[in-house]
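The values are calculated or read from the model by the stated rules, or taken from the named source; none is laboratory data. Bear in mind that the values here come from a model prediction, so they are computed numbers and not experimental data. Cβ atoms come from the backbone with ideal geometry, glycine included; neighbour counts cover every protein chain shown.
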Amino acid sequence: MKRVVYIFLLIVFSTNAQNLVPNPSFETITTCNLNSAGLGSIGFAPPWNNPTISTPDLMNLCSTNYFNSVPSNGYGYQVPNFGNGYAGCVFYDNNN
C-alpha cells in the first residue's frame, strides 16, 4: 500500500501598506486662522485644493470660526477619527 504524503507550503508575504492619499488626516495646515477663510477653506491643507466652485471645508481644532471648529461646528458635532482635523462638504440639489 502506498502512502501519499501531502506537504502544504504556506508562504506568507509581509508587506507594508502605503498611504496613497497625501495629508489624509488634514493635520498639515498653512494657517490656523480659518475664521477669516470662511467656507471652502480646504486649500489651507496642502496639497488639497478646490477644483470646482463647491465649498469643501476644512475643520480643525485650532479654528475659532463657528463653521470650521471641531468637534462642534455649523454642520453638527463630529469628533475627528484621529488627529485634530477633518474635511467636510455639503451636498445639495437645486432641482425640484
Residue check, GLY76 exposed (fewer than 10 other Cβ atoms within 10 Å of the Cβ) and at pLDDT 85 or above: yes
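Residue-by-condition table, conditions (1) part of a loop (DSSP other than H, G, I, E, B); (2) modelled with pLDDT of 70 or more; (3) loosely packed, with under 13 Cβ neighbours inside 10 Å:
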{"position": "LYS2", "(1), (2), (3)": "yes, no, yes"}
{"position": "PRO22", "(1), (2), (3)": "yes, yes, yes"}
{"position": "SER25", "(1), (2), (3)": "yes, yes, no"}
{"position": "ILE42", "(1), (2), (3)": "no, yes, no"}
{"position": "LEU58", "(1), (2), (3)": "no, yes, no"}
{"position": "CYS62", "(1), (2), (3)": "yes, yes, no"}
{"position": "SER69", "(1), (2), (3)": "yes, yes, no"}
Residues within the stretch 44-56 that are over 11 Å from the mean Cα position of the chain (by Cα), surrounded by 13 or more Cβ atoms within 10 Å (Cβ to Cβ) and at pLDDT 85 or above, tallied: 1
